[in-house]
1. Quick one: is residue 119 acidic (Asp, Glu) and in contact (Cβ under 8 Å) with a residue 12 or more places away in the chain?
2. Mind listing whichever residues of the range 1-27 are among the charged types (D, E, K, R), at pLDDT 80 or above and within 23 Å of residue 75 (Cα to Cα)?
3. Scan 30, 78 and give me the residue that is part of a strand (DSSP E or B) and either modelled with pLDDT of 90 or more or under 22 Å from residue 110 (Cα atoms) (or both).
4. Tell me, which helices (runs of 4 or more DSSP H) lie completely within the range 104-221 with 1 or more residues that are away from the ligand (no atom under 16 Å from the Cβ), modelled with pLDDT under 95 and loosely packed, with under 15 Cβ neighbours inside 10 Å?
5. Quick check on my filter: what residues within the range 23-50 are β-branched (Val, Ile, Thr) and farther than 19 Å from residue 234 by Cβ?
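The values are calculated or read from the model by the stated rules, or taken from the named source; none is laboratory data. Everything numeric here is computed off the predicted structure, so don't read it as measured data. When we count neighbours, we look across all protein chains shown, and the Cβ atoms used for this are built from the backbone with ideal geometry, even at glycine.
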Amino acid sequence: MQNSSIVIQRVNGRSYEITVTRKNVKRMTLRIDRQGKPCLSVPLNAARGEIEDFLRSCSGWLAKNAGQRSFFSLPDALREGDEVMILGENRRISLVSGYKASLSFREGRPVLAMRDPGDPVKAASAYEKALRDLALDVFRRRLAVYADVIPRRFGTPEVRVRKMTSRWGSANQKTGEIHLSLYLIKAPLECIDSVVLHEAVHFTHMDHGDGFYYMLLGRMPDYRQRSRKLREYARH
Ligand SMILES: [Zn+2]
């Protein structure tokens with residue numbers, strides 16, 4: 001069992017919530033997790049004063065590295081004109097009244113329709129719901145483009161969207177499903193395509209052997225450049 005607690009560190013008037021975990025380690029280490037949240041590992045017997053001193057010594061680093069919105073997160077609150085990342089671009093969102101959460105685009109600008117657009121927290125959850133629908137629609141269309149690599153006996157795989165942070169996608173020959181990360185919809189279409197094709201090829205080659213890459217690169221010769229671009233985006 002790990003023993004975690006939360007400490008609040010104030011730097012230049014801003015508060016940072018830090019998850020402190022006691023572990024069998026020799027020294028304290030501060031890092032930012034994939035959701036953009038600061039996490040501190042400390043030795044099992046570290047005293048409270050030592051932890052506070054260490055965090056004070058890291059305050060410059062903390063202010064620089066935490067709070068930058070991670071690629072693997074969505075807004076907790078959303079207001080008219082806030083920037084959101086969709087399909088590789090930061091775009092200013094419009095919030096309008098509608099009976100059901102849905103995203104559309106007007107001259108490249110995302111428009112979120114929802115019941116109560118004045119409530120930033122409700123707007124954030126409506127955004128997540130609508131983004132998931134958009135992601136599912138885009139991923140299905142892109143899979144249709146590359147469906148020729150999937151053996152006929154599998155038919156059209158079912159696409160499922162999950163808030164995955166440790167990988168972009170997975171394919172399951174047994175269930176006939178492809179799971180894709182919701183956060184992938186933040187990446188440019190050419191990067192989305194590289195993941196979709198990668199998973200589609202797994203219906204023929206389950207491992208990442210020569211056969212897998214022969215088929216993948218045959219269909220998408222610039223696959224590696226696209227993967228590199230995706231990794232760069234995800235570092236934002
Ligand atoms: Zn793979």
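1. On the way: acidic (Asp, Glu): yes; in contact (Cβ under 8 Å) with a residue 12 or more places away in the chain: no.
No.
2. Quick first cut of the range 1-27, residues among the charged types (D, E, K, R) only: 10, 14, 17, 22-23, 26-27.
Retained after the next criterion (residues that are at pLDDT 80 or above): 17, 22-23, 26-27.
Passing the criteria: only 17.
3. 30
4. On the way: elements: 120-146, 189-201, 210-219.
Per the criteria, 120-146.
5. Applying the first criterion (β-branched (Val, Ile, Thr)) to the range 23-50 yields 25, 29, 32, 42.
Within the range 23-50, 25, 29, 42 qualify.
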